[in-house]
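Engineer: Please see the structure below; I have some questions.
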């Protein structure tokens, strides 16, 4: 099925692109979420009229995402955890812990947008990536300290 992308989709393309995808992917995901519209003759004509508006909106959204990423890159998140002998953590610090610490600082972030290769299992300072939007990520510092 051919669809016209209304927004940037990381694995497919940018807003305004005409792409071919599997029928189920289009019907069950892209169209219901408002990311794309079916590429029939009526939608193609309407899309040509809206193309400049959609591209401008996508550019504005990209600019906002980059500003948010720049603001996030200055954030330092401190998480206190219990430690045992030889300064080993009891458990680990994961995406949910990072999200909760950021929300406590007033930064609204979804747990799914926190990108950790593996959970943090030691004290110290670690870089953690936050996915702001498709193609835009920010890197924050997470400092894990011993709970007193």
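For every residue, the table says whether it meets (1) more than 30 Å from residue 145 (Cα to Cα); (2) at pLDDT below 85; (3) assigned by TED's automatic domain parsing to the domain that holds residue 132.
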| site | (1), (2), (3) |
| --- | --- |
| 20 | yes, no, no |
| 29 | yes, no, no |
| 46 | yes, yes, no |
| 92 | no, no, yes |
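Engineer: Further question on the same structure: Looking only at segment 10-21, count how many residues are touching a helix residue (DSSP H, G or I) at 6+ places or on another chain (Cβ under 9 Å) and either free of Cβ contacts under 8 Å to residues at least 12 places away in the same chain or surrounded by 14 or more Cβ atoms within 10 Å (Cβ to Cβ) (or both).
Structural biologist: At the first step, the residues of segment 10-21 found to be touching a helix residue (DSSP H, G or I) at 6+ places or on another chain (Cβ under 9 Å) are 12, 14-16, 18, 21.
Those still in the list that are either free of Cβ contacts under 8 Å to residues at least 12 places away in the same chain or surrounded by 14 or more Cβ atoms within 10 Å (Cβ to Cβ) (or both) too: 12, 14-16, 21.
Of the residues in segment 10-21, 5 are touching a helix residue (DSSP H, G or I) at 6+ places or on another chain (Cβ under 9 Å) and either free of Cβ contacts under 8 Å to residues at least 12 places away in the same chain or surrounded by 14 or more Cβ atoms within 10 Å (Cβ to Cβ) (or both).
Engineer: Restricting the first residue to segment 22-48 and requiring it to be free of Cβ contacts under 8 Å to residues at least 40 places away in the same chain, which pairs with a second residue that is surrounded by 10 or more Cβ atoms within 10 Å (Cβ to Cβ) and part of a helix (DSSP H, G or I) meet a Cβ separation below 8 Å and a spacing of at least six or different chains?
Structural biologist: Filtered contacts from segment 22-48: 35/29; 36/26; 36/30; 37/43; 37/47; 38/26.
Engineer: Filtering segment 95-106 down to residues that are free of Cβ contacts under 8 Å to residues at least 40 places away in the same chain and more than 14 Å from the chain's Cα centre (by Cα), which residue is surrounded by the fewest Cβ atoms within 10 Å (Cβ to Cβ)?
Structural biologist: Start the filter on segment 95-106 by keeping residues that are free of Cβ contacts under 8 Å to residues at least 40 places away in the same chain, which leaves 95-97, 99-100, 102-106.
Imposing the further condition that a residue be more than 14 Å from the chain's Cα centre (by Cα) reduces the set to 96-97, 100, 102-106.
Numbers: 96: 10, 97: 21, 100: 13, 102: 22, 103: 13, 104: 11, 105: 11, 106: 7.
For segment 95-106, the residue satisfying everything is 106.
One line per residue, one yes/no per condition, for (1) under 26 Å from residue 65 (Cβ atoms); (2) surrounded by fewer than 19 Cβ atoms within 10 Å (Cβ to Cβ); (3) out of contact with any helix residue (DSSP H, G or I) (no Cβ under 9 Å at 6 or more places or on another chain):
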| position | (1), (2), (3) |
| --- | --- |
| 116 | yes, yes, no |
| 119 | no, yes, no |
| 122 | no, yes, no |
| 126 | yes, yes, yes |
| 133 | yes, yes, no |
| 137 | yes, yes, no |
| 148 | no, yes, yes |
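Engineer: Follow-up question, since we're still on this one. Name every residue in segment 22-42 that is loosely packed, with under 14 Cβ neighbours inside 10 Å and either in contact with a strand residue (DSSP E or B) (Cβ under 7 Å, 6 or more places away or on another chain) or within 15 Å of residue 7 (Cβ to Cβ) (or both), in order of residue number.
Structural biologist: Scanning segment 22-42 gives 32, 33, 34.
Engineer: Among the listed residues 7, 57, which satisfies the condition of being part of a helix (DSSP H, G or I) and either touching a residue at least 24 places away in the same chain (Cβ under 8 Å) or exposed (fewer than 14 other Cβ atoms within 10 Å of the Cβ) (or both)?
Structural biologist: Details: 7 fails: part of a helix (DSSP H, G or I).
So the residue among 7, 57 that is part of a helix (DSSP H, G or I) and either touching a residue at least 24 places away in the same chain (Cβ under 8 Å) or exposed (fewer than 14 other Cβ atoms within 10 Å of the Cβ) (or both) is 57.
Engineer: Restricting to segment 72-86, count the residues that are under 30 Å from residue 15 (Cβ atoms) and either touching a strand residue (DSSP E or B) at 6+ places or on another chain (Cβ under 6 Å) or in contact (Cβ under 8 Å) with a residue 24 or more places away in the chain (or both).
Structural biologist: 3
The values are calculated or read from the model by the stated rules, or taken from the named source; none is laboratory data. These figures come from a predicted structure and were not determined experimentally. All Cβ positions, glycine included, derive from the backbone under ideal geometry; neighbour counts span all protein chains shown.
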